[in-house]
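Read the figures in this text as sums done on the coordinates, not as results from a lab. This structure is a prediction, so every number in the text was calculated from the model and none was measured. Positions of Cβ are backbone-derived with ideal geometry, glycine not excepted, and every protein chain shown enters the neighbour counts.
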């Protein structure tokens, strides 16, 4: 199974051109992906650089035949023009999807910085080796307080899912919303976390929680002590002077034997972030 995660900056490349087609073309050049997790997908934001004044979710559905596309809007607002605007995360997959959940993350007040609501989209996909929960997110950039609260919430969401898998709810036997669900502790958590390996949030997300499968940085599992490839500020230094790594794939510990390959595409300039590919057996 191949997964790509990418903060696509509303599909705006470093040339200032917004192109959903280009991003998908470059993702396909990386791998024949089964799951595509994207952050910063926009709907009707014409004022964003390059003009994101169209439905980027609908465009992807048109361009990804055979894939189901699930969009979670962290921001859903009435724009100043009177048009509905949405901004958030997306999971596209050609694998069967057992269930999807959209989790709003904590948004504590912090008047010292600009900020926006954040969320996590989770899709349980059915693979040849069993169900796998894929979670994608984009944490707060400016507010450290919010980012830590969101990190703790992600850890708790994973622990909660592990508990549901260990102690599944009763099945009422109906075909209604109380019907039996597929729960699993096996998970991939990916996205733009806006923290670096030296930050406390990085250690926090991997902290062992009772009765939950630990989350491990797939890069460290596969590359050990190898220097990390940067995923942000490699070509665009508007947000800082040095390239950094803030886009990760964390895998539950039971997936360690299945992790095969992780790569960062350091060549593309189709966004201000670099995409990350993870392959599992």
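Do me a favour and compute the ellipsoid semi-axes for the chain from its Cα gyration tensor, root of five times each eigenvalue, largest one first, whole Å.
Rounded to whole Å, the semi-axes are 27, 22, 20.
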task = With a point put 7 Å past each Cα toward its Cβ, work out how far residue 17 is from residue 77 in nm, to one decimal.
result = 3.0
query = Separation between the residue 63 and residue 239 pseudo-spin-labels, each 7 Å from Cα along Cα→Cβ, expressed in nm?
reply = 2.0
message = For 122, 81, 19, which order do you get if you count the other beta carbons within 10 Å of each Cβ and list the fewest first?
response = 81, 19, 122
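Can you sort 116, 148 so the residue with the fewest Cβ neighbours within 10 Å comes first?
Ordered from fewest to most neighbouring Cβ atoms within 10 Å, 116, 148 come out as 116, 148.
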query = Roughly how many nanometres apart are two label points built 7 Å out from the Cα toward the Cβ at residue 126 and residue 203?
reply = 4.3
task = First check a/c for region 34-88, with a ≥ b ≥ c the square roots of the eigenvalues of its C-alpha gyration tensor; if it is under 1.5, answer rounded, and if not, answer prolate when a/b is larger than b/c or oblate otherwise.
result = prolate
key: Debye intensity ratio I(q)/I(0), log10, region 66-209, q values 0.18 Å⁻¹ (C-alpha model)   = -1.12
request  = Sketch the reach of a paramagnetic label on residue 166 as a point 7 Å from Cα along Cα-to-Cβ, and name the residues of region 209-232 whose backbone nitrogen lies under 19 Å away.
outcome  = 209-216
ask   = To the nearest 0.05, what FRET efficiency results for residue 223 and residue 32 with a Förster distance of 30 Å applied to their C-beta separation?
value = 0.85
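Based on other C-beta atoms within 10 Å, arrange 2, 180 from fewest to most.
On the way: 2 16, 180 12.
Ordered from fewest to most neighbouring Cβ atoms within 10 Å, 2, 180 come out as 180, 2.
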